[in-house]
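Right, one structure below, let's go through it.
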Amino acid sequence: MAARDENILPGSFFAVFEGGDGAGKSTQARALLGRLRRRGVPALLTREPGGTTLGESVRRWLKSHRDTAPMAELLLFSAARAQLVQHVIRPALSDGVAVICDRFTASTVAYQGWGRGLDLAWIDKLNQAATGGLAPDLTILLDLPPEAALARRARSGDGPDDSRADRFEAAPLEFHRKVRQGYLGLAASSPRRWLVLDAASPPQLLARQVWEKVQPLL
Ligand code: TYD
């Protein structure tokens, strides 16, 4: 399936995993990567913020500075995204490589827009500018009520009081409820491009559901 860009070969495919903290995105992203590669589809997995030297610096910086102003945070995520799109995602899609990304523009809408309350229209413009209009063919939302995500993190010893919890993991439940609302709204407004899955399901079932949706799109 072609992402919306003339330079991108038909056959290239861009999938994004989204969800609240602790929803199991990384596990599912790796599972999809493995499935694609086993079937001979060239594929790469990247993440946001990250995937480039700049992006990984932004990730480290945000993790270790909890006092960043929301607007500065938004611009940092956007800078990391612009770099990733230009240096990694577009070149891969142009070469016919399927790209899987752990978080993308929807994270900014959900976290900075719905969670932090920054202007949604402005975030849309910024997302558009950072991506040059590149949109995922499919966004998979691993949906989990924040209470369940919290219980999950507490079981893994990474709860909100844990010193390893990052800025958002430590945020109040209300913040995570708004983030979830933002995600569900995005998914509802574009059902053909979104797949919403119950993140409480067993990982193997989730991987199967993802594959059933992805296979016909390849
Ligand atoms: P990460 O370690 O990837 O969290 P997780 O493993 O739960 O996905 O950290 C990324 C954090 O950054 C996560 O809490 C969501 C947040 N984030 C935003 O707020 N806006 C964004 O645009 C992106 C890409 C991430």
Checklist outcome for this item: By residue number, the members of region 53-74 that are out of contact with any helix residue (DSSP H, G or I) (no Cβ under 7 Å at 6 or more places or on another chain), touching a residue at least 24 places away in the same chain (Cβ under 8 Å) and within 11 Å of the ligand (Cβ to nearest atom) are 63
Checklist outcome for this item: Taking region 28-52 and keeping only residues that are open to solvent by 50 Å² or more (accessible area, probe 1.4 Å) and either more than 11 Å from the ligand (Cβ to nearest atom) or farther than 23 Å from residue 141 by Cβ (or both), one is left with 30, 35, 37, 38, 39, 40, 42, 45
Checklist outcome for this item: Restricting attention to region 111-150, the residues that are surrounded by fewer than 19 Cβ atoms within 10 Å (Cβ to Cβ), in a helix (DSSP H, G or I), in contact (Cβ under 8 Å) with a residue 12 or more places away in the chain and within 17 Å of the chain's Cα centre (by Cα) number exactly 1
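For region 42-67, give me each residue that is in a loop (DSSP other than H, G, I, E, B) and either within 14 Å of the chain's Cα centre (by Cα) or modelled with pLDDT of 95 or more (or both).
Within region 42-67, the subset in a loop (DSSP other than H, G, I, E, B) is 42, 48-52, 65-67.
If the condition is that a residue be in a loop (DSSP other than H, G, I, E, B) and either within 14 Å of the chain's Cα centre (by Cα) or modelled with pLDDT of 95 or more (or both), then 42, 48, 49, 50, 51, 52 are the ones that fit.
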Checklist entry - So residue 7 fits all but one of (1) within 13 Å of the ligand (Cβ to nearest atom); (2) surrounded by fewer than 16 Cβ atoms within 10 Å (Cβ to Cβ); (3) at pLDDT below 95; (4) not charged (D, E, K, R); what number is the exception? => result (1)
Item to check | Qualifying positions in region 93-110 - farther than 24 Å from residue 209 by Cβ and open to solvent by 20 Å² or more (accessible area, probe 1.4 Å) | outcome: 94, 95, 96
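The values are calculated or read from the model by the stated rules, or taken from the named source; none is laboratory data. Bear in mind that the values here come from a model prediction, so they are computed numbers and not experimental data. Cβ sites come from the backbone with ideal geometry, for glycine too, and all protein chains shown count toward neighbours. Surface areas here come from the heavy atoms of the whole protein model, side chains and all, with no ligands, DNA or RNA. Shrake-Rupley method; radii C 1.70, N 1.55, O 1.52, S 1.80 Å.
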